[in-house]
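Contents: one structure, followed by commentary.
FYI, it's all coordinate maths here, none of it is from the lab. Being a predicted model, the structure only gives us computed values, none of them experimental. Glycine also receives a Cβ, built like all others from the backbone with ideal geometry; neighbour counts cover every protein chain displayed.
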């Protein structure tokens with residue numbers, strides 16, 4: 001990024017159209033990130049004081065690996081939310097993905113094939129959601145809620161309601177490269193690719209446009225239907241990947257493994273600044289949201305707080321974050337009106 | 001009688017009102033004029049209790065008061081906003097009596113009681129509406145009349161109307177004026193804010209001109225003219241005359257768009273149209289005449305139900321393909337159909353470019369730089385292109401939209417009511433910009449019902465009536481009378 005060249009012949013009366021320093025959008029992002037980072041650090045410090053084992057390399061690696069599935073899902077969900085979309089079926093897709101992975105492994109199919117099948121199947125299911133949302137104009141919430149139920153049932157049926165163990169399958173997920181678990185490396189790759197797509201391509205701008213004002217985007221020539229289909233396909237693909245990773249982590253295909261994941265994912269994305277109304281959010285924010293969720297869950301157990309309190313603490317944090325965002329939003333709009 | 005005396009108000013970094021005094025007298029229409037940012041909104045916010053003045057006094061019937069929104073309501077001061085507030089799914093009757101449904105002696109409210117009361121109220125202000133119709137089926141104008149009736153029958157003593165004609169067509173404006181005059185006869189003091197100075201002259205009794213937060217003029221409307229008002233608003237003469245803006249044309253070139261026997265449901269019944277590069281064609285016609293639909297079809301945003309559309313020699317299809325071929329569309333409703341209000345200015349001006357090439361890298365820094373250059377070219381007034389576009393005035397928002405299409409070198413521009421709610425200097429700038437584009441070889445289509453606008457930009461005017469082309473007039477001859485004669489003939 002080079003420094004900006006000053007346009008010629010700007011007389012004093014014309015505003016320069018740009019002030020120095022960070023862009024207002026970047027400042028807004030930082031305002032959202034700061035409290036999340038603060039929560040993560042504070043929880044880390046408190047828990048470490050109480051139990052020094054918390055801040056060990058092994059524990060951090062375990063923490064990240066345990067949340068890689070959630071982390072992969074949050075990238076897809078953030079993309080969707082920014083585009084004004086939503087996919088609640090991911091929880092069940094993870095379950096189905098896990099069951100399919102385990103049963104294919106037991107049938108002796110090679111790893112590459114199993115992974116490919118799961119990714120492609122996920123993407124195809126996502127594409128179907130996209131087609132239905134884009135062309136039949138079914139509200140995403142209802143559609144994917146239906147999908148959630150359908151695939152939950154499918155997972156139970158396929159696995160005959162019991163987890164399918166595969167102790168020797170998908171061990172690569174648990175393996176380590178240079179001391180880092182492969183699951184965490186995969187998660188990192190997904191983050192980087194997702195961030196590149198959303199923040200550094202013009203496709204990403206189209207996603208924001210569709211989320212912010214679909215009609216305006218359409219009239220400006222944005223292929224809104226194609227954008228939506230792409231978003232759902234990407235999310236489906238990531239859900240398939242998450243299914244494989246989940247099965248690999250627990251060493252079994254658990255037909256109930258993904259229950260409730262969809263809500264945790266949406267909560268994490270919203271914590272990270274994504275808005276259910278669309279047009280707002282970032283990949284980094286979503287990932288920070290997952291870290292907050294991970295830290296809360298983990299440090300509470302290190303602090304010997306009964307895990308029945310997990311959801312309570314997360315819920316309070318979510319409500320607080322959304323309330324803070326809403327008030328700062330109101331202030332921002334008022335300020336914009338005044339300067340207008 | 002409501003008096004504001006020596007009222008001042010400042011905001012962080014800006015002084016919005018300085019020492020303004022104004023009286024609103026019962027039974028008179030008082031027009032507030034001034035360009036965007038002159039302080040009109042601040043003034044009405046103070047008069048309706050939304051904002052408190054830093055200094056100065058508000059007197060109601062000679063008594064000094066401190067107004068809050070609740071006090072203002074109790075004193076029967078009502079504001080009709082640009083964004084209308086009606087319950088869409090309810091009937092007209094329910095909306096008229098909203099919040100104070102009549103009750104019988106048992107304290108119960110029945111449907112026929114509500115309807116009877118609503119009918120009585122509508123009659124009182126001379127509004128004819130079916131009280132059983134759901135509000136969603138009413139036109140914008142009818143909704144406005146409904147709201148007006150509601151406000152008046154709440155025993156308003158002061159009625160503040162903010163740009164009430166922004167989306168009405170001429171017959172509807174006349175109807176609204178009739179109702180306002182009737183309201184005035186009931187002894188209500190009406191405060192009327194409008195960019196259309198001809199409306200001010202036609203309707204108002206008194207006027208006050210604001211400029212940069214100060215009162216720079218005022219008096220009786222009968223003692224002034226539109227030119228006089230413009231001079232007071234800007235301190236200098238801003239011309240909106242054809243001689244000063246149009247600047248002649250070039251020989252029209254190749255055909256940019258060709259429509260043959262185009263039908264669109266019952267809205268368009270067989271329209272033929274040739275649009276050439278290097279000319280500005282104005283399509284004139286009230287709501288329902290098919291003018292708006294024609295604009296949509298020309299830009300690919302709607303598909304004709306029969307007939308053929310050719311854009312630059314190829315059959316037109318979707319909005320996206322048309323946009324890729326350089327057909328710009330600037331809708332009338334900037335906020336709903338044009339802008340991403342909460343996204344930065346530069347993203348708004350880059351949107352067409354981003355849409356055209358999604359599979360390329362994006363850099364916010366470079367996008368902002370391009371936006372600044374584009375903004376300088378169009379005289380955009382904004383402190384930073386990286387701020388949300390919401391904060392800009394209507395005129396500057398429109399410049400952002402024009403910039404969006406200049407960035408992708410659009411060669412056919414379709415603009416629907418391009419200067420609705422825009423102050424006069426910005427209007428003049430936009431007209432000059434459109435003329436410059438036309439001279440540079442673009443094909444420009446302007447859907448307009450504003451005579452001044454038509455006079456300023458048109459090379460030729462196509463008048464629509466009931467879904468067919470009623471006739472065509474060269475821009476030079478497009479007087480108000482000629483257009484009216486053509487549009488009204490049956």
Provide B:417, A:329, B:347 in ascending order of the number of other Cβ atoms located within 10 Å of each residue's Cβ, fewest first.
A:329, B:417, B:347
According to a simple spin-label model (label point 7 Å from Cα along Cα-to-Cβ), what is the distance in nm between residue A:304 and residue B:305?
7.7 nm
If neighbour count is taken as other Cβ atoms inside 10 Å, put B:158, B:456 in order from fewest to most.
B:158, B:456
Given a Förster distance of 30 Å, the FRET efficiency implied by the Cβ-Cβ spacing of residue B:103 and residue B:174, rounded to the nearest 0.05, works out to 0.20
Zone of residue B:250's modelled label, taken as backbone nitrogen in segment B:398-413 under 20 Å from a point 7 Å along Cα→Cβ
B:403, B:405-413
Taking 60 Å as R0, compute the FRET efficiency from the Cβ-Cβ separation of residue A:330 and residue A:109 and round it to 0.05.
0.65
Applying the gyration tensor rule to the Cα atoms of the protein assembly as shown (axes a ≥ b ≥ c; rounded if a/c under 1.5, else prolate if a/b exceeds b/c, else oblate), the class is prolate
Taking Cα atoms only, helix A:68-82 is inclined relative to the longest principal axis of chain A by an angle, in degrees rounded to 10, of 40 degrees
Just to verify a number: FRET efficiency for residue B:130 and residue A:161, C-beta to C-beta distance, R0 = 60 Å, to 0.05?
0.50
Tell me the mean residue ellipticity at 222 nm calculated for chain B from its helices only (DSSP H runs of n ≥ 4, each -39500 (n - 2.57), averaged over every residue, nearest 500).
-10000 deg cm²/dmol
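Counting pairs of Cα atoms in chain B, how many percent are more than 46 Å apart? Write down the numbers at each step before the final one.
Numbers: 17876 of 119805 pairs.
In whole percent, the share of Cα-Cα pairs in chain B beyond 46 Å is 15.
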What value, in deg cm²/dmol to 500, does the helix sum -39500 (n - 2.57) over DSSP H runs of n ≥ 4 give at 222 nm once divided by the residues of chain A?
-23500 deg cm²/dmol
Could you work out how far the C-alpha centroid of segment B:308-356 sits from that of segment B:1-57, in angstrom?
39 Å
On average, how much area does the Cα convex hull of segment A:57-337 cover when viewed from any direction, in nm²?
16.0 nm²
Given bins 10 angstrom wide, list per bin the percent of all Cα-Cα distances in segment B:101-219, short to long.
12, 39, 30, 13, 6, 1
Which residue, A:165, A:140, A:306, tops the fluctuation ranking in a GNM of chain A built on C-alpha contacts under 10 Å?
A:306
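Just rank B:269, B:40, fewest to most, by other beta-carbon atoms within 10 angstrom.
B:269, B:40
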Pick from A:232, A:208, A:309: which is most flexible by mean-square fluctuation in a GNM of chain A where alpha carbon atoms under 10 Å apart are linked?
A:309
Which angle from 0 to 90°, rounded to the nearest 10, does the C-alpha axis of helix B:364-378 make with the longest principal axis of chain B?
80 degrees
Working note, segment B:242-488: Cα radius of gyration (Å, one decimal) and Dmax (Å, whole number) are 17.5, 54
Testing the spin-label approximation: label points 7 Å from Cα along Cα→Cβ at residue B:70 and residue B:472. State their distance in nm.
6.4 nm
Find how many whole Å separate the alpha carbon centroid of segment A:48-85 from the alpha carbon centroid of segment B:194-250.
62 Å
DSSP-defined antiparallel bridges as percent of all bridges, the protein assembly as shown, nearest 5:
60 percent
What is the distance, in nm, between label points placed 7 Å from the Cα along the Cα-to-Cβ direction at residue A:59 and at residue B:333?
5.6 nm
Once the Cα atoms of helix A:283-302 and of chain A are each reduced to a long axis, what angle between those two axes, in degrees from 0 to 90 to the nearest 10, is obtained?
50 degrees
Report D for segment A:186-340 in µm² per second (integer): Stokes-Einstein, Kirkwood Rh on Cα pairs, 4 °C, 1.567 mPa s.
73 µm²/s
